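Working notes, beginning with the structure itself.
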Amino acid sequence: MNTVELLDRRWRIEQCRARDCGADIVFATNPGTGSRMPVDAAPVHDGQWRLADEGGVEPFAEFAARDPEVVAASQAGMPIPLHKSHFATCTTPKRVQEATMSGARP
């Protein structure tokens, strides 16, 4: 299945620009901080972030690993798609990730 099929097509899927990674990611706004964060495009069974559509160009990333609605849906056999922060899964070392994600050259 193509990653684009896994997400709302309004959200732009990009590739991680960090050296040696290239994973499909979506930038989402963290409502707690107001900052943008890279999130892996494909949902996974052990994800922690729910992408919520607020009608904008980017989704909001809501921390949902302990959300009662998410837990109940999972227990009922109808899990809600959750994603991982790309900072947790990027194959490039953290020092290079931070420089690349900020737009600087590592």
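The values are calculated or read from the model by the stated rules, or taken from the named source; none is laboratory data. Because the structure is a prediction, the values reported are computed rather than measured. With ideal geometry, Cβ positions are generated from the backbone for all residues, glycine too; neighbour counts draw on all protein chains shown.
Would you confirm whether or not the stretch 18-28 contains a residue that is of a type outside the set (D, E, K, R), buried (at least 18 other Cβ atoms within 10 Å of the Cβ) and modelled with pLDDT under 90?
First pass over the stretch 18-28, keeping only residues of a type outside the set (D, E, K, R): 18, 21-23, 25-28.
When the remaining residues are screened for being buried (at least 18 other Cβ atoms within 10 Å of the Cβ), the result is 18, 23, 25-28.
Adding the requirement that they be modelled with pLDDT under 90 leaves 18.
Scanning the stretch 18-28, I find at least one residue that is of a type outside the set (D, E, K, R), buried (at least 18 other Cβ atoms within 10 Å of the Cβ) and modelled with pLDDT under 90, so the answer is yes.
Contact annotation: residue pairs with Cβ atoms under 6 Å, 6 or more positions apart or on different chains, pairing a residue in the stretch 63-92 that is in contact (Cβ under 8 Å) with a residue 40 or more places away in the chain and farther than 14 Å from ASP46 by Cα with a partner that is aliphatic (A, V, I, L, M) and surrounded by 15 or more Cβ atoms within 10 Å (Cβ to Cβ), are CYS90/ALA18; THR92/ALA18. Kindly evaluate ALA42 against the criterion of being part of a helix (DSSP H, G or I) and either modelled with pLDDT of 85 or more or within 11 Å of the chain's Cα centre (by Cα) (or both). No. If only residues of the stretch 64-78 that are part of a loop (DSSP other than H, G, I, E, B), modelled with pLDDT of 80 or more and closer than 12 Å to ARG50 by Cα are counted, the one that is nearest to the chain's Cα centre (by Cα) is ALA64.
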